[in-house]
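Only one structure is covered here, and it is reproduced in the block below.
The values are calculated or read from the model by the stated rules, or taken from the named source; none is laboratory data. None of these values were measured; they are calculated from a predicted model. Neighbour counts run over all protein chains shown; Cβ positions are idealised from the backbone, glycine included. When the accessible area is computed, the model is the full protein with side chains, heavy atoms only, and any ligands, DNA or RNA have been set aside. Shrake-Rupley method; radii C 1.70, N 1.55, O 1.52, S 1.80 Å.
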Amino acid sequence: MTEMEELQAWAAKWLGDREIPQEFLQLTAIQNARLKGGHERAALEAARPTEADGENAEKFLEYMQDFSDPLHCLGIKILGPESARGDGLARAVLDDEANAEVPHLAALLSYFLPAAETKNDLVYGYWLYPGEVWPPPVVYIDTEATFFTERGRTLAEALLADCWDDAAVALLGQWFADLGLPVTVRANAEIPDSPVRMDPQVLESEL
């Protein structure tokens, strides 16, 4: 079984016969160093925010030189078939046997395709509740097994929503865009509200 076939088989647990979101495939390719580019300083100069943020932008440009891609710069790990064998929150999220003992959590997780784990012990994923838009909206779960809806139309935008420094948002947004992801925001305030229709917290209250 190829790496792609293994990922598709893993994701089918949540997606059924639907395709894996293209963004998820792109982020997986970035993490596995199959999709490179856009990290040279010159390519990011045009994304520098307003002059008022110039000092922060300069510092962040220097910081970014230590990383090969925006995911590592943000401390993000894209998840996949091997994640259940890890030692972070993703392992608990993917532990079907343990989660089955908490019926309402198991029900919520059945609509949640885990896609990314952050350095702050949050797991972001695609919310697949019936009737949601496609590509699916993004939500996240914390260490207390509480779901939250994050701003952003895509996973990349949702990950940027946690960056309150506009210099970071502008430069990372440009970096994602240079790698082919549909990210147009260049400031935190530009990140749109989530398109989610059934908020997971509302669903939990109804279970």
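For segment 133-156, the criterion of being of a type outside the set (A, V, I, L, M) and in contact with a Lys or Arg (Cβ under 7 Å, 6 or more places away or on another chain) is satisfied by no residue at all. Taken across segment 103-113, residues that are open to solvent by less than 20 Å² (accessible area, probe 1.4 Å), under 21 Å from Ser68 (Cα atoms) and more than 13 Å from the chain's Cα centre (by Cα) do not occur at all. Filter segment 132-147 down to the residues that are over 11 Å from Met198 (Cα atoms) and part of a loop (DSSP other than H, G, I, E, B), then identify the one that is least open to solvent (accessible area, probe 1.4 Å). Checked segment 132-147; the qualifying residue least open to solvent (accessible area, probe 1.4 Å) is Pro136.
In segment 55-71, the qualifying residues are those that are touching a residue at least 24 places away in the same chain (Cβ under 8 Å) and of a type outside the set (A, V, I, L, M), and the one that is nearest to Leu160 (Cα to Cα) is Pro70.
Determine whether Asn99 is over 18 Å from Asn32 (Cβ atoms), open to solvent by less than 40 Å² (accessible area, probe 1.4 Å) and modelled with pLDDT under 95. Yes; evaluated as a whole, the condition is true for this residue. Note on segment 77-131: enclosed helices (runs of 4 or more DSSP H) holding 3 or more residues that are touching a strand residue (DSSP E or B) at 6+ places or on another chain (Cβ under 6 Å) are 89-93.
Has segment 166-174 got any residue that is over 18 Å from His72 (Cβ atoms), in contact with a helix residue (DSSP H, G or I) (Cβ under 8 Å, 6 or more places away or on another chain), at pLDDT 95 or above and open to solvent by 10 Å² or more (accessible area, probe 1.4 Å)? No, the conditions are met nowhere in segment 166-174.
Residue count for segment 10-22 satisfying the condition of being open to solvent by 20 Å² or more (accessible area, probe 1.4 Å) and in a helix (DSSP H, G or I): 5.
One line per residue, one yes/no per condition, for (1) over 23 Å from the mean Cα position of the chain (by Cα); (2) at pLDDT 85 or above:
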| residue | (1), (2) |
| --- | --- |
| Ala11 | no, yes |
| Gln22 | no, yes |
| His39 | no, no |
| Glu58 | yes, no |
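Residue count for segment 175-191, restricted to those that are closer than 21 Å to Pro135 by Cβ, outside any loop (DSSP other than H, G, I, E, B) and open to solvent by less than 50 Å² (accessible area, probe 1.4 Å): 3.
Residues that are in a loop (DSSP other than H, G, I, E, B) and either surrounded by 21 or more Cβ atoms within 10 Å (Cβ to Cβ) or at positive phi (or both) within segment 154-165 comprise just one, Thr154. Scan segment 60-76 for residues that are open to solvent by 30 Å² or more (accessible area, probe 1.4 Å) and in a helix (DSSP H, G or I) and the total you get is 4.
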